[in-house]
Every structure is written in structure tokens, then in C-alpha cells.
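Everything below concerns the one structure shown next.
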Ligand SMILES: *Cc1c(COP(=O)(O)O)cnc(C)c1O
């Protein structure tokens, strides 16, 4: 049903690798081994702009270049402004550092309690289990460590992290991220989830991963069995543009959903990628059709060399205004800024409250019409002398 409704995006297929046996293509090991990681490989498939060529030469000192064949196929190679291309092909702009930018804008390193464990909110932690991803997003918030291009040498202390989690009884929620945790072997994922579930006070485990988008082949039946075994596990994926909503991604989400994994999506608001209402509306509608609930829309973190992606806050608010009330409530993500220095995620929603007084609140709806709602809670009601007799009949 959905495949017909949403042509032309759904079916991706093997594209420039169409001669490859299907078994290879569908094998996630093959996809990883055949990633595009050098300027030469990129140029053998497409013509780069001068900006991109410069970016590729510089990339390996900042954040590695890596694109899975599957995701590379989503690029429109004729279009210099392709929204997929911008997300994964480096540009010389990455060398430009704005004064407000830094390598660790969220102050994660100062909230590390154990290497790999970020404890910023009282009841939940961020558990970084690897520094590798299937492909690298050029606006990565953890580019200081991810791919190890800057020599961060990330070594999570998994056992120490378990000790910390065991002894901190107020932690009820563990968010496993990285890097991309689904790059770990099935065995490692199995043991990790198993260990976390043995800890009595941990109620909620979730995985943050872009693997379904970069490498849907990784969502194998065997992996799904592990997720079933440790249910409930929630997952946040990361889709930015409707063109990423392929048949392959939809199938991967279906496998996860059938394994009992509730799915959310986190998008980053990116200039020239998804910074208009039409694109975002198309995206959130496709997400719902893939059983994915839009969770967060992030304002770009102030990461070194990312200013070419930055979108005005006003624009972000306008996008949310264009969704709220105009489409299913389930389709509307929460627009947030992850506050610098570890302030946490703070919503920046459009304002629907015109004014509040002691007796009423004046609200503006999605059409711009005003509505009053009485806010009184202890009215001076008239008590009838006796209730109508029929009430007691
Ligand atoms: C995002 C984040 C969380 C989870 O936040 P939610 O709003 O609950 O999704 C937890 N810890 C850290 C350090 C985070 O960055």
C-alpha cells in the first residue's frame, strides 16, 4: 500500500552496484567492507565540486569520510545541492570555525563519570559504547571522538560503567549510543543488554542508532531475536530527509517493530537538507508510515566547522508551527536545543498562549484564531435546592 502511495522514494535497489549478486548486497559485512572512504573512490563514481574536493582532503584530520554503498546510492550525483550528498560528503566549509563553536559544545567530557558514561540528568545516562559508525554525518555532534580522526582514542570502560550503574540506584534509564552501538557484534549486543537488564533499578533501555538508515542490512533476523530476548528495548533512529525513507529502511523498521521495538526518530535541522515545511511534513508522514514516531528535531549543536549547516531558530519554529495542528499529533517532533555545557535538551516551541490571567487563558490555534478558556477552579456555583427527582429514579 505505502509503496504505491509514495513513489518515487520507496524502492532503492542496488543502483550503480546492480551487477553485484544480491547476496553480497544484502550482507552488512559486504556493505561495510565496500564503504567509500577516499577522495579517489568518490571521484570514480561522481564529479565533486571544488568545495567537496577540499573537504575530502581535510576530512581525515577531522572526521573520517565513510559512506556505505547503500547510502551512496541515495545521492543524486547530478545535483550539487542534493540533501543526501550534503550530509555525508565533506566540504571545505568544515574548516571554517565560528567564534561560538567548540569541539565539545554539550560539555559531555566534563560529565563523564567513567570513560564512555555521560551522567547529566539525575535519572538517566548516556552510554557511549563505540566510536565507530557505518557512515559519518558531516555535522556529527561527537566528531571530536567519533572515527578517531582527531586522535581522541576512545576506550569505553564497560566493566567500570556497569559498576557505576549498579551502585547508582537513581539511574532508571540507559541510552546506549556512540558511535553506533549496532556496529557491535550480535554477541556483544546480547551481553550488553543482558548485563543492563540484570541491574534491578534500570527500567528502561534504549539504543540510539543511524544503522537502519545507513545500513538497513544490519537489521538481521538474528539481531531482532536478541532484541526480542531482552524486550523491552526502545530505539531512536536518525532520518533527516524523506529520500532516506526507502523500501529497505521501511522493511528494517518493520523487522524492528515486529521484534517489539518502539521506534522514534531524531532529526537535525540542517540548512539545504530539511529546513522547509514541505520537506519536513513529507518526512514525518513517511516516518509514521514506517511506524516511527518523530521524537526530537534538534537545533544544530555548536560543533566546530558546522556553521554552513546552521538554520535560524525562527525558521525552526515556523516549521513546527507548520506541523502542529496541520497534521497528526503523532507526526510532530519536539524542537529542542541541547543547551551548551550540559544544560540538557530544552524545548523551543512556537508560542500558542496569547495571555494568561487569573480567570482565563487566551490561546491561538493552528489557524491563528483566538480562543478563551476559563481558568477558574473554584467557581461560585449555584446549588439547586433539590436535585431533579428523575436523577434518583
Ligand atoms: C539526550 C540525552 C539523554 C536522554 O534525554 P531524553 O530527553 O530523555 O531523550 C540522556 N543523557 C544525555 C547526556 C543526553 O544527551
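Rule-based calculations on the coordinates, nothing more; no lab input. Quick caveat: nothing in here was measured; it's all calculated off a predicted structure. Virtual Cβ from ideal backbone geometry, glycine too; neighbours counted across all protein chains shown.
Using label points projected 7 Å from each Cα along Cα→Cβ, tell me how many nm separate residue 258 and residue 353, to one decimal.
That separation, rounded to one decimal, is 4.6 nm.
So if we plug the beta-carbon distance of residue 222 and residue 271 into 1/(1 + (r/R0)^6) with R0 = 56 Å, what FRET efficiency do we get, rounded to 0.05?
0.90
Report the residue, chosen from 40, 12, 87, that carries the largest GNM mean-square fluctuation when the chain is represented by alpha-carbon nodes joined by springs under 10 Å.
Of the options given, 40 has the highest mean-square fluctuation.
Tell me the label-point distance for the pair residue 81, residue 27, using the 7 Å Cα-to-Cβ offset, in nm and rounded to one decimal.
4.1 nm
For the chain, with a Gaussian network of springs between Cα atoms less than 10 Å apart, report the residue from 181, 99, 294 with the top mean-square fluctuation.
Looking only at 181, 99, 294, the biggest GNM fluctuation is shown by 99.
For an R0 of 41 angstrom, estimate the FRET efficiency from the Cβ-Cβ distance between residue 20 and residue 317 and round to the nearest 0.05.
The calculated FRET efficiency here is 0.35.
Distance between Cα centroids, the stretch 311-343 to the stretch 57-82: provide it in whole Å.
If you average the Cα positions of each part, the centres end up 27 Å apart.
Across 20 Å bins from the origin, how do the percents of Cα pairs in the stretch 1-350 run, short distances first?
It works out to 30, 62, 7, in whole percents.
What is the distance, in nm, between label points placed 7 Å from the Cα along the Cα-to-Cβ direction at residue 96 and at residue 163?
Roughly 4.8 nm, to one decimal.
Angle check, please: helix 247-258 long axis (alpha carbons) against the longest principal axis of the chain (alpha carbons), in degrees 0 to 90, nearest 10.
60 degrees
What angle, in degrees between 0 and 90 and rounded to the nearest 10, separates the Cα long axis of helix 186-198 from the longest principal axis of the Cα atoms of the chain?
For 186-198 against the chain, the angle is about 30 degrees.
What is the stretch 159-288's relative contact order, in percent, from Cα pairs under 8 angstrom and six or more apart in sequence?
Once normalised by length, the contact order is 22 percent.
Going 7 Å from the Cα of residue 362 in the Cα-to-Cβ direction, what parts of the stretch 311-326 have a backbone nitrogen less than 17 Å from that spot?
none
With springs only between Cα atoms under 10 Å apart, run a GNM on the chain and tell me which of 118, 146, 103 wobbles the most.
103
Quick check: from the Cα gyration tensor, does the stretch 19-127 come out rounded (a/c under 1.5), prolate or oblate?
Details: a/c = 2.69, a/b = 1.44, b/c = 1.87.
Verdict is oblate for the stretch 19-127.
Quick check: the angle from helix 313-323's long axis to the longest principal axis of the chain, C-alpha only, nearest 10 degrees?
70 degrees
Determine which residues of the stretch 313-349 fall in the zone a paramagnetic label at residue 121 would reach in this model, i.e. backbone nitrogen under 16 Å from the point 7 Å along Cα→Cβ.
334-340, 342-348
Find the centroid of the Cα atoms in the stretch 279-304 and in the stretch 133-195, then give the distance between the two in whole Å.
23 Å
Under Stokes-Einstein, with the Kirkwood radius over Cα pairs standing in for Rh, what whole-number D in µm²/s applies to the stretch 151-286 at 37 °C and 0.692 mPa s? Numbers along the way, then the final one.
On the way: Rh = 16.2 Å.
The Stokes-Einstein estimate is 202 µm²/s.
Of all DSSP beta bridges in the chain, what percent run antiparallel (nearest 5)?
40 percent
Be a star and scan the stretch 265-291 for residues whose amide nitrogen sits under 14 Å from the point 7 Å along the Cα-to-Cβ vector of residue 231.
Within reach of a label on residue 231: no residues.
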